[in-house]
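So the structure is just underneath, and the comments pick up after that.
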Amino acid sequence: MTEREGWVRKDLRHGWHPYTQMSVLAEEPPLRIERAEGLFLFDTDGNRYYDAISSWWCVVHGHGHPRIREAAARQMGRLDHVLFAGVTHEPAARLAGRLADLAPEGLSRVFFSDNGSTAVEVALKMSLQYWRNVGREEKTEFLCLDRGYHGDTTGCMSVSGVEAFLRSFRPILFPVRRVPAPYCYRCPEGGTYPGCGTACARAVREALKEGSGRIAAVILEPLLMAAGGMLVYPPAYLAEVARLARAHGVHLIADEVATGFGRTGTMFACGQAGVSPDFLCLSKGLTSGTIPLAATLTTSGVFDAFLGDPDGGKTFYHGHTYTANPTGCAVALASLDLFEENGVLEHVGRVATRLGEGVRAFSDLPAVGDVRHLGMVAALELVRDRDTREPLPGNASVFAAVRREGLRRGLFLRPLGNVVYLFLPQCTTDAELDDILSRFGDVLRRVLG
């Protein structure tokens, strides 16, 4: 047995992979990734694959960027980790200031945590305790969207709406008010945008009118509902939900864990709708996928409601061992420097147009029901019948075939339900994009016929 075969066997004997049926993995061993550089992943046999999903939607500047590696090494040599309760350090202080400067207007306070789920949990708990601190203890409910996804911790699952992630855990979830998502291809109101005038926001309006006295916050993913099927919806819907939340005295939580840091073409997707939420949840691209780090931004009004006598019950009793980890903060600062120095947003604006044009060319392929595109994200929803829009089941053999054919053609893909998608790093060049689209088209034509 070679050393390589030995560690793969150990993985299969002792490991447990996320979102993976391990009995299937035993029959088809996991892809053995050994290293990464730029847009590419390399396996132990030397094969090279475009990381076409940004390693679960994280990678911004490509793998192994020298500036990010240097920032991590430099900080590790100075201060690797220290608790953040009553302690501070330069990387955290500088990063908090940078994020407050970049964020939508009014978001001046930054609470650090570990990952996307914790960023959302922090926002949920802050909103809940805010209303308690200001004497509105009856405001304990949350309004969310079906098909929304906000993470796998208990609070995040409760305000999500993707059944596959919830069905086994319902006994521990708290009740919420859930309304239909703005799913344009399968409009809950039977309309077509822009003629519909975002009629789907009516459900939010009615829920807030009926329950605003008890609702603490509305939570959604701005413009792109990722795990729910890469659903892209109009900025006008987000603007209307924000207006309704403000009118009814309800917090707006914007989960930009997947959409932040240029992924949709602007630093934060909220900006495309002119929206300043009460809470902004960030992770993934914050460190370009290098080190776990997350941040929840909020307003001075929320922050001030937690000030008072230490024994008065207003303190926010929530924290994480690795809150504001110095190395993570240093890496995040290096990533933000690269945004400025490399003109990342301007680059995305140009490349995104090319991506959109490229994927629309696949709209006539068999089984392609809908083509969706926003920034560096493009998705094809596959259906049994274009006229009825009956979806292909997510366990249809075609999706495993897409993944296998993608690997054969040097693309690392991971279909999501009945959706095949690209979620490309923001640093993707014109030449790389053309190559990816060519390979992606070959995969689709080979599998779909």
Are any of the residues in region 26-46 in contact with a helix residue (DSSP H, G or I) (Cβ under 7 Å, 6 or more places away or on another chain) and in a helix (DSSP H, G or I)? yes
Can you run down the residue pairs with Cβ atoms below 9 Å, 6 or more apart or on separate chains, where the first is in region 186-209 and part of a helix (DSSP H, G or I) and the partner is loosely packed, with under 14 Cβ neighbours inside 10 Å? Arg186/Arg389; Ala199/Gly190; Leu208/Ala247
Considering (1) crowded, with 22+ Cβ neighbours inside 10 Å; (2) touching a Leu at 6+ places or on another chain (Cβ under 9 Å); (3) part of a helix (DSSP H, G or I); (4) not charged (D, E, K, R), say which one Leu407 fails and leave the rest. (1)
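Quick one: which residue in Ala181, Ala239 is farther than 27 Å from Pro415 by Cα and either at pLDDT 95 or above or assigned to a strand (DSSP E or B) (or both)?
Numbers: Ala181 fails: farther than 27 Å from Pro415 by Cα.
Criteria check complete, one pass: Ala239.
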For Val351, work out the one condition from (1) outside the structural domain of Glu432 (by TED's automatic domain parsing); (2) under 27 Å from Tyr50 (Cα atoms); (3) of a type in the set (Val, Ile, Thr) it doesn't fulfil. (1)
Return the pairs, sorted by first residue and then second, in which the second residue is aromatic (Phe, Trp, Tyr) and at pLDDT 95 or above, the first residue lies in region 75-94 and is not assigned by TED's automatic domain parsing to the domain that holds Ala330, the beta carbons are less than 8 Å apart, and the residues are 6+ apart or on different chains. none
For region 120-140, pairs from a residue that is without any contact (Cβ under 8 Å) to a residue 12 or more places away in the chain to a residue that is buried (at least 21 other Cβ atoms within 10 Å of the Cβ) and among the hydroxyl-bearing types (Ser, Thr, Tyr), with Cβ under 9 Å and 6 or more apart or across chains, are Arg136/Tyr130
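Using the structure shown, decide if Gly97 is free of Cβ contacts under 8 Å to residues at least 40 places away in the same chain and in a loop (DSSP other than H, G, I, E, B).
Values: free of Cβ contacts under 8 Å to residues at least 40 places away in the same chain: yes; in a loop (DSSP other than H, G, I, E, B): no.
The answer is no for Gly97.
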If I ask for residues that are part of a helix (DSSP H, G or I) and either at positive phi or surrounded by fewer than 20 Cβ atoms within 10 Å (Cβ to Cβ) (or both), which ones from region 340-355 would you list? Glu340, Glu341, Asn342, Leu345, Glu346, His347, Gly349, Arg350, Thr353, Arg354
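Can you tell me how many residues in region 228-243 are hydrophobic (A, V, I, L, M, F, W, C) and surrounded by fewer than 21 Cβ atoms within 10 Å (Cβ to Cβ)?
To start, the set of residues in region 228-243 that are hydrophobic (A, V, I, L, M, F, W, C) comprises 230-232, 236, 238-239, 241-242.
With the extra rule that they be surrounded by fewer than 21 Cβ atoms within 10 Å (Cβ to Cβ), the set shrinks to 236, 239.
Qualifying residue count, region 228-243: 2.
Take the residues in region 264-279 that are within 15 Å of Val241 (Cβ to Cβ) and of a type in the set (A, V, I, L, M, F, W, C); name whichever of them is surrounded by the fewest Cβ atoms within 10 Å (Cβ to Cβ).
Filtering first and then ranking leaves Ala273.
Going through Pro292, Pro222 one at a time, which residue ends up being under 20 Å from Cys156 (Cα atoms) and surrounded by fewer than 24 Cβ atoms within 10 Å (Cβ to Cβ)? Walk me through it before giving the result.
Details: Pro222 fails: surrounded by fewer than 24 Cβ atoms within 10 Å (Cβ to Cβ).
Answer to the selection: Pro292.
In the list Val359, Val371, Val377, which residue meets the criterion of being closer than 18 Å to Ile53 by Cα and surrounded by fewer than 21 Cβ atoms within 10 Å (Cβ to Cβ)? Explain how you work it out, then say what you get.
Details: Val359 fails: surrounded by fewer than 21 Cβ atoms within 10 Å (Cβ to Cβ); Val377 fails: surrounded by fewer than 21 Cβ atoms within 10 Å (Cβ to Cβ).
On inspection, the qualifying residue turns out to be Val371.
Taking the condition on the phi < 0 side of the Ramachandran plot, of a type in the set (A, V, I, L, M, F, W, C) and buried (at least 18 other Cβ atoms within 10 Å of the Cβ), does Leu83 pass? Steps first, answer last, please.
On the way: on the phi < 0 side of the Ramachandran plot: yes; of a type in the set (A, V, I, L, M, F, W, C): yes; buried (at least 18 other Cβ atoms within 10 Å of the Cβ): no.
So Leu83 does not fit the description; no.
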Given the options Asp337, Asp311, name the one that is assigned to a loop (DSSP other than H, G, I, E, B) and either of a type in the set (Lys, Arg) or surrounded by fewer than 18 Cβ atoms within 10 Å (Cβ to Cβ) (or both). Asp311
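Please tell me if Leu224 is of a type outside the set (Val, Ile, Thr) and touching a strand residue (DSSP E or B) at 6+ places or on another chain (Cβ under 7 Å).
Working: of a type outside the set (Val, Ile, Thr): yes; touching a strand residue (DSSP E or B) at 6+ places or on another chain (Cβ under 7 Å): yes.
Yes.
The values are calculated or read from the model by the stated rules, or taken from the named source; none is laboratory data. Only a predicted model underlies this, so the values are computations on that prediction, with no experimental measurement involved. Note that each Cβ is placed from the backbone with ideal geometry, even for glycine, and that neighbours are counted across all protein chains shown.
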